[in-house]
Amino acid sequence: MSAAEHYLSDFRQGFYNFAMRGRHLDAYSAYKRVASKDHINAYDREESSGLVNAKGIGNPSWRHSLPHMLVATLSSFLFGYHLGVVNETLDSISMDLGFSGNPLAKGLVVSTCLGAAFFGSIFSGWILDGVGHRRAFQLCALPMIIGASMSATTKSLWGMLLGRIFVGTGMGIGPPVAAIYVSEISPAFIRGTFGSFTQIATCLGLMGSLFIGLPAKDIVGWWRVCFWVSTVPAAVLAVCMEFCAESPQWLFKRGRGTEAEAEFEKLLGAAHVKFAIAELSKSDRGDELEAVKFSQLLYGRHFKMVFIGSTIFALQQLSGINAVFYFSSTVFKSFGVPSDLANICVGIANLSGSVVAMILMDKLGRKVLLLGSFSGMAVAMGLQVTGASSYASGSGALSLSVGGMLLFVLMFSLGAGPVPSLLLSEILPGRIRAKAMSVCMAVHWVINFFVGLLFLPLLEQIGPIVLYTIFATFCLLAVIFVKRNVVETKGKSLQEIEIALIPPQ
C-alpha cells in the first residue's frame, strides 16, 4: 500500500469512527450504516439536537453573520467578473492594441491573469495568517483596482498584460480567503448555504462582465469601460471590510480570546458566545502559535487532506469548465450561434445551478452534490462528442453541441463549482487551514493556466471529439475519486470535524 493510500485509508476510518462513536459495531456493519442515507440523516438530527441546543437556546440567527458574508462575496464577484471580462471584448482589445490575428497573444491575455493568480494564491495563506481576513480582503482588492486601471488606459499589449498580472494577483488571493472567512463566520447549520453564495457571486460576476461587454462590438473602445467598471466593487470591498468582523478563529488562534468573544457576539449573538468559545477550546492542541512549515503540508498527518483537496481542484479544472467560460463565444460562433445569446444562456445555466446548489447544500450534503455534478458533466461532454461526430448533422449536431455545453455548465454549478472550496475550508484543521488552502488553490491555478492557454490550439489540432472525450474521462475519474475519498461534513462544526479527523500527535 502506497503512502497516499495509507493516509487516505486512515482519513476515512477516522471520520467513520467519529460518525459512529458510541455505537459498538463491527467495521463492516459500521460502513454499511454510515453509507445509508437514512442513518446519516438520523445521526445529523441527533448531533444537531445535542450540540446546538445544548443550552436550550436553539440555532444562532443567520442574520447576524449575513452582512459580513455578503461583503466577503464581493471578492468572488470580482473573481467571476475578471474571468469573463475578456470573453466578449477580446476581439476588440486585439484590434485596438494591434495583435488581431495572433492566437498566442490572445491566449496570453487570458492566461497571464491565471498565471499571476497562481502566485497570489501561493502567498494568500501566509498573508491571511499574518494580517487576518479583513486586511487580506483589502490586499486582494488593491491590485485589482491598480490592474484594472492599467488595462483600461493601456495603449499596448504589454500594458494590458501587466494590468492582467496585477488583477490576477488579487484573483489568487481572493478565493481561498473568501472560502475560509465564510466558513469560519457561518453557523454550522447554514454553513453550506452561505458557502454557496461565493459561487453565486462568481456567477453574477461572470454574467455582469458578459452583459457589460455586449456593446464592445459596436462601440469603439468600450472594452476600456468594462475594465473601469470593475474598480467600483473592488473599492467597495476594501472600504466595507473596515466595518466587518474579523474571524474569531483567527483571533483565538493568536491568543486574543477577548476579541474573539466580541466578534462571536457580532456574528452569532450574545447567547451563543460561551458555547462557541468552548467549541474552539476543544480543538486547541497547544500548537496554534507555532509557525506552519511548508514541508508539513506535504507529508505527515496533514498530507491526506492536502492531497484530497489538490486532487479535487485538479479534476475540477481538467473537466474543461473554464475552457467553456473563457472561449464560449468562440465555440458557439463556430456553430453559427450569436455569441451574445450563447453567453447569456451560459450565465443563466450557471446561476440557476448555483441557486439550486445553495438550497441543497445543507440538505443533501457535499458528497452527494459532487458525485451528481461530475456524473452529469461526463454525460454532457458525451453529448458534445456526439454532436461533433459524423453521427449527427445539421440541427441535430447544433442541438447536441449547444445543449451539451449548457448542461455541462448547469451540472458543474450544482456541485463541482461550489463544493471544493467549501469542503476544503471545513476539513482542513485551523492551524494549517490558510496555508493548506493556498497550496490546493495553487494547483487549481496551474491547471487553469494551461487549460486557458492550450484549449484553442488543441481544439484545432486534435479536434473536438478527442478533446471533449478527454474532458469526459476526467469527469469520470473525479466521480471515482470522490466516491472513495471524500467524507460528509454537513451540519457539523469546524471544531467537531477537526477533532474527528486529526488524531493527537
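Could you run the Karplus curve 6.51 cos²θ - 1.76 cosθ + 1.60 with θ = phi - 60° over the stretch 182-196 and give me ³J(HN,Hα) per residue in whole Hz, x for Gly and Pro?
5, 5, 7, 9, 8, x, 4, 5, 10, 4, x, 5, 5, x, 5
Tell me, what ³J(HN,Hα) does each residue in the stretch 254-259 have, in order and in whole Hz, if you take phi through Karplus 6.51 cos²θ - 1.76 cosθ + 1.60 with θ = phi - 60° and put x for Gly and Pro?
Running phi through 6.51 cos²θ - 1.76 cosθ + 1.60 with θ = phi - 60° gives 9, x, 9, x, 5, 5 Hz.
For the stretch 90-183, what % of the accessible area comes from carbon and sulfur atoms, probe 1.4 Å?
Ligands and nucleic acids excluded, carbon and sulfur reach 73 percent.
Highest mean first, how do 347-353, 250-256, 429-435 rank when packing is the count of other Cβ atoms within 10 Å averaged over residues?
Most protected by this proxy first, the peptides run 429-435, 347-353, 250-256.
Excluding residue 414 itself, what net charge comes from residues whose Cβ is under 14 Å from its Cβ, given Lys and Arg +1 and Asp and Glu -1?
+3
If you take the beta carbon distance between residue 126 and residue 95 as r and set R0 to 45 Å, what does 1/(1 + (r/R0)^6) give as a FRET efficiency, to the nearest 0.05?
0.65
Taking a virtual spin label 7 Å from the Cα of residue 299 along the C-beta vector, which residues in the stretch 430-454 bring their backbone nitrogen under 19 Å of it?
Zone members listed by number: 436.
What net charge is computed for the residues neighbouring residue 153, neighbours being all others with C-beta under 13 Å from the C-beta of residue 153, Lys and Arg scored +1, Asp and Glu -1?
Taking every other residue near residue 153 into account, the sum is +1.
Using the per-residue mean of other Cβ atoms lying within 10 Å as a proxy for protection, in what order, highest first, do the peptides 168-176, 453-461, 62-70 fall?
Listed from highest to lowest mean packing, they are 168-176, 62-70, 453-461.
In the structure displayed, which of 363/435; 274/435; 274/367; 253/304; 266/304; 274/490 lie more than 25 Å apart, Cα to Cα?
363/435; 274/435; 274/367; 266/304
For a protection proxy built on the mean count of beta-carbon atoms within 10 angstrom, sort 414-423, 483-492 highest first, please.
414-423, 483-492
Within the accessible area of the stretch 292-504, what % is carbon and sulfur when the probe is 1.4 Å and the other protein chains stay in place?
C and S atoms contribute 73 percent here.
The values are calculated or read from the model by the stated rules, or taken from the named source; none is laboratory data. Being a predicted model, the structure only gives us computed values, none of them experimental. For neighbour counting, all protein chains shown are included, and Cβ atoms are generated from backbone atoms with ideal geometry for every residue, glycine included. SASA here: full protein model, heavy atoms, side chains in, ligands and nucleic acids out. Shrake-Rupley method; radii C 1.70, N 1.55, O 1.52, S 1.80 Å.
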